[in-house]
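A short write-up of the structure that comes next.
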Amino acid sequence: MIEEVKRAADLAIVRVAEANTADEVRTLEAELLGKRGPFATFKTGLGTLATVDEKRAAGQAVNEATTAVVERLESRRRELAAAEREVQLAAERLDLTEVMTRPQRGHAHVVTQAWERLEDVFIGLGFQVAEGPEVETDWYNFEALNMPPDHPARSMHDTFYVEGDKGTTVLRTHTSPVQIRVMQTVPPPIYMIMPGRVFRNETADATHLAVFHQLEGLVIDRGITLADLAGTIDAFTKAFFGAEFGSRLRPSYFPFTEPSAEFDIQTPSGEWLELGGSGMVHPNVLRAGGLDPEEWSGFAFGFGIDRMAKERHAIGDVREMYSNDLRFMEQF
């Protein structure tokens, strides 16, 4: 029997070596090691041997042969799996040499960069950010800001009107309406900036566009004075442009502030550049926002984000920022 076991083991190992697929290995495993396989038959025949020594020797041979066949089956299975994996990798291989350069990702628009930097600066000064709708009622855009229908200051806002079911509706001409909405919903003290897109029926030139971006600020608290406004403007100027820049306020007129002032920055060369308007919030505006001007006071300021980007990067014409010329845009 021992010789028969060895011959059966040798034949089984040869058959396993000739298997070419994982399915063939599984079939051989069931055939050779199953209940009707040769090694199961040998184990059954051990009981027919005459002596204990013969049974012991034959049993050991059967166990050794079975172990050898099992190891060869596992080995062949791993070999075939590795070969199949190589075929799969070859089929799914990507030719990375076809990519001659690294894909280039875009970056934020120069105005978006200025917008985000301005928000960072004012958040660092203790302000929060508020937003409002771009389509406003006449009341929020004009009347609540101390500009009734016959007020001459409306001529400064050549407006796009749209149809609406709540009276006269406009594309907002400034982000000041957000100030009213903030006062109506946020209890003082208020330290808030309102960036956003605005619209005016302007003829485009080097410094004007029909669609542009503004950032306005509002501070409402007890005991606020014009000195607080001047200090905030100066702190902002140095944080945004650099410590070598200065600022000043010039008397001016706006219907929603009293007193009012334009604010300018002074470059290191000594040149003064106008950036925006500001002033103490008019009592009528405080009342429109639901606040008592006898208890609360505050200041407001506003400027164009596009113009800030223009001045920061010494861009000669604001229209260049919307030309979609990559030679221009890639500089920022």
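Find the strands (runs of 3 or more DSSP E) located wholly in the range 151-254 whose residues include 2 or more that are charged (D, E, K, R), and list them.
In the range 151-254, the matching strands (runs of 3 or more DSSP E) lie at 211-221, 246-254.
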Residue 243 being among the aliphatic types (A, V, I, L, M), crowded, with 21+ Cβ neighbours inside 10 Å and at pLDDT 85 or above: no
Flag if residue 201 is in contact with an Asp or Glu (Cβ under 7 Å, 6 or more places away or on another chain), of a type outside the set (A, V, I, L, M), over 30 Å from residue 267 (Cβ atoms) and open to solvent by 30 Å² or more (accessible area, probe 1.4 Å): yes
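When you scan the range 228-252, how many residues do you find that are of a type outside the set (Gly, Ala, Ser) and touching a residue at least 40 places away in the same chain (Cβ under 8 Å)?
Taking the range 228-252 and keeping what is of a type outside the set (Gly, Ala, Ser), we get 228-229, 232-234, 236-238, 240-241, 244-245, 248-251.
Those left that are additionally touching a residue at least 40 places away in the same chain (Cβ under 8 Å): 228-229, 232-233, 236, 240-241.
Total meeting the criteria: 7.
Step by step: first the residues of the range 27-50, then only those that are among the basic types (Lys, Arg) and either open to solvent by less than 90 Å² (accessible area, probe 1.4 Å) or modelled with pLDDT of 70 or more (or both), then the one that is nearest to the chain's Cα centre (by Cα). Which residue is that? Give the derivation first.
Our first condition is that a residue be among the basic types (Lys, Arg); within the range 27-50, this holds for 35-36, 43.
In the following step, the residues that additionally are either open to solvent by less than 90 Å² (accessible area, probe 1.4 Å) or modelled with pLDDT of 70 or more (or both) were identified as 35-36.
On the way: 35: 64, 36: 66 Å.
Result: 35.
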Verdict on residue 209 being out of contact with any Cys (no Cβ under 7 Å at 6 or more places or on another chain), closer than 26 Å to residue 247 by Cβ and modelled with pLDDT of 95 or more: no
Top-ranked residue in the range 262-282 [being outside any loop (DSSP other than H, G, I, E, B), at pLDDT below 95 and farther than 22 Å from residue 213 by Cβ; ranked as least open to solvent (accessible area, probe 1.4 Å)]: 266
Which listed residue is within 37 Å of the chain's Cα centre (by Cα), surrounded by 13 or more Cβ atoms within 10 Å (Cβ to Cβ) and closer than 20 Å to residue 117 by Cα, from 314, 300: 300
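For residue 225, indicate whether it is under 24 Å from residue 187 (Cα atoms), open to solvent by less than 50 Å² (accessible area, probe 1.4 Å) and touching a residue at least 12 places away in the same chain (Cβ under 8 Å). Before the answer, list the steps.
Values: under 24 Å from residue 187 (Cα atoms): yes; open to solvent by less than 50 Å² (accessible area, probe 1.4 Å): no; touching a residue at least 12 places away in the same chain (Cβ under 8 Å): yes.
In short, no.
Quick one: would you say residue 237 is within 28 Å of residue 157 (Cα to Cα) and out of contact with any helix residue (DSSP H, G or I) (no Cβ under 9 Å at 6 or more places or on another chain)? Let's see the steps before the verdict.
Values: within 28 Å of residue 157 (Cα to Cα): yes; out of contact with any helix residue (DSSP H, G or I) (no Cβ under 9 Å at 6 or more places or on another chain): yes.
Judged against the criteria, residue 237 is a match.
Table: residues versus (1) closer than 30 Å to residue 110 by Cα; (2) not hydroxyl-bearing (Ser, Thr, Tyr).
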site: 225; (1), (2): no, no
site: 250; (1), (2): yes, yes
site: 265; (1), (2): yes, yes
site: 279; (1), (2): yes, yes
site: 286; (1), (2): no, yes
site: 303; (1), (2): yes, yes
Number of the exception - residue 140 against (1) open to solvent by 10 Å² or more (accessible area, probe 1.4 Å); (2) part of a strand (DSSP E or B): (2)
Breaking point among (1) modelled with pLDDT under 85; (2) exposed (fewer than 12 other Cβ atoms within 10 Å of the Cβ), for residue 108: (1)
Meets criteria (among the basic types (Lys, Arg), touching a helix residue (DSSP H, G or I) at 6+ places or on another chain (Cβ under 9 Å) and surrounded by 16 or more Cβ atoms within 10 Å (Cβ to Cβ)) for residue 181: yes
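Within the range 143-163, work out how many residues are closer than 20 Å to residue 218 by Cα and open to solvent by 60 Å² or more (accessible area, probe 1.4 Å).
Residues of the range 143-163 closer than 20 Å to residue 218 by Cα: 143-147.
Keeping just the survivors that are open to solvent by 60 Å² or more (accessible area, probe 1.4 Å) gives 143.
Total meeting the criteria: 1.
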Scan of the range 1-26 for residues that are open to solvent by less than 80 Å² (accessible area, probe 1.4 Å), touching a residue at least 40 places away in the same chain (Cβ under 8 Å) and assigned to a helix (DSSP H, G or I), ordered by number: 2, 5, 8, 9, 12, 13, 16, 17, 22, 25
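The values are calculated or read from the model by the stated rules, or taken from the named source; none is laboratory data. Since we're looking at a predicted model, the values are computed, not measured. Positions of Cβ are generated from backbone atoms using ideal geometry, with glycine treated the same way; all protein chains shown enter the neighbour counts. In case anyone asks, the SASA skips ligands and DNA or RNA and just uses the protein heavy atoms, side chains included. Shrake-Rupley method; radii C 1.70, N 1.55, O 1.52, S 1.80 Å.
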